[in-house]
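What follows is a short report on a single structure.
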Amino acid sequence: MGELNATQNAYWNAFLASLPIEERPINPKVSASVAGNKEITDELLELYLSGRKTAGSSVVEDFDTAGDPLPQVGNYWIFLNSADLPSCILKTEKIVFHKFHEVPSEIAVAEGEGDLSLEYWRQVHAELYSPFLKTWGLRNIDEATIVTEFFRIVYR
């Protein structure tokens, strides 16, 4: 938990205090960040809080290039709003992998954005990821490996 600041650590500790001792996670991986960029993070937060958004996707090659570990079931994420304040804690419940061009419509629905269509999902994510393809060693977006995390809100 070394990456949490004092405010985030206090929020995490409040979550732990809300649980019976026997249900508190032991040595969990906890991170804190905004979703996407600051311009859209509050919009995404509202989608999570409303229950419309239950998943988020990233590119495996981004993790590989940065040397970061891939998401794991059981990880916790302190969702920060655009003011960098903790707004809820999400727990990763499930992880799936697909090539970009093989992402099923269920992912678009679980991500809860736009009209929930796969076409919308592909357009938005292609725009988001395409500027980084060369950095990730990819020639086109269809080569990208997408990791999708399914979340459950555990604290707010």
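The values are calculated or read from the model by the stated rules, or taken from the named source; none is laboratory data. Bear in mind the structure is a predicted one, so any value in this text is a computation, not a measurement. Cβ placement follows ideal geometry from the backbone for every residue including glycine, while neighbour counts extend to all protein chains displayed.
Numerical summary
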item	result
Of the criteria (1) modelled with pLDDT under 95; (2) surrounded by fewer than 13 Cβ atoms within 10 Å (Cβ to Cβ); (3) of a type outside the set (S, T, N, Q), which one residue 128 fails	(2)
Residues (in contact with a strand residue (DSSP E or B) (Cβ under 9 Å, 6 or more places away or on another chain) and either surrounded by fewer than 13 Cβ atoms within 10 Å (Cβ to Cβ) or more than 20 Å from residue 133 (Cβ to Cβ) (or both)) located in the range 110-122	110, 111, 112
Test: residue 83 is in a loop (DSSP other than H, G, I, E, B) and of a type in the set (Gly, Ala, Ser)	yes
Selected residue (criterion: nearest to residue 93 (Cα to Cα)) from residues of the range 105-155 that are in contact (Cβ under 8 Å) with a residue 40 or more places away in the chain and part of a loop (DSSP other than H, G, I, E, B)	112
Which numbered condition residue 91 fails, given (1) surrounded by fewer than 15 Cβ atoms within 10 Å (Cβ to Cβ); (2) in a strand (DSSP E or B); (3) among the basic types (Lys, Arg)	(1)
Subset of the range 79-104 (residues that are without any contact (Cβ under 8 Å) to a residue 24 or more places away in the chain and within 30 Å of residue 6 (Cα to Cα))	83
Residue in the range 15-32 that is nearest to residue 55 (Cα to Cα), counting only those that are surrounded by 13 or more Cβ atoms within 10 Å (Cβ to Cβ) and out of contact with any Asp or Glu (no Cβ under 9 Å at 6 or more places or on another chain)	29
Qualifying residue in the range 37-56 (condition: surrounded by fewer than 19 Cβ atoms within 10 Å (Cβ to Cβ), farther than 24 Å from residue 8 by Cα and modelled with pLDDT of 95 or more)	yes
Odd one out for residue 8, checked against (1) assigned to a helix (DSSP H, G or I); (2) touching a Ser or Thr at 6+ places or on another chain (Cβ under 7 Å)	(2)
Members of the range 13-49 that are part of a helix (DSSP H, G or I), closer than 30 Å to residue 129 by Cβ and not aliphatic (A, V, I, L, M)	38, 39, 41, 42, 43, 46, 48
Unmet requirement for residue 140, which otherwise passes all of (1) polar (S, T, N, Q); (2) loosely packed, with under 13 Cβ neighbours inside 10 Å; (3) touching a helix residue (DSSP H, G or I) at 6+ places or on another chain (Cβ under 7 Å)	(3)
Residues satisfying the stated conditions in the range 56-78, i.e. under 25 Å from residue 133 (Cβ atoms), touching a residue at least 60 places away in the same chain (Cβ under 8 Å) and not charged (D, E, K, R)	56, 57, 58, 59, 60, 63, 65, 70, 71
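The rows are residues; the columns are (1) over 30 Å from residue 114 (Cβ atoms); (2) in contact with a Leu (Cβ under 8 Å, 6 or more places away or on another chain).
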| site | (1), (2) |
| --- | --- |
| 17 | yes, no |
| 26 | yes, no |
| 41 | no, yes |
| 47 | no, no |
| 76 | no, yes |
| 79 | no, yes |
| 82 | no, no |
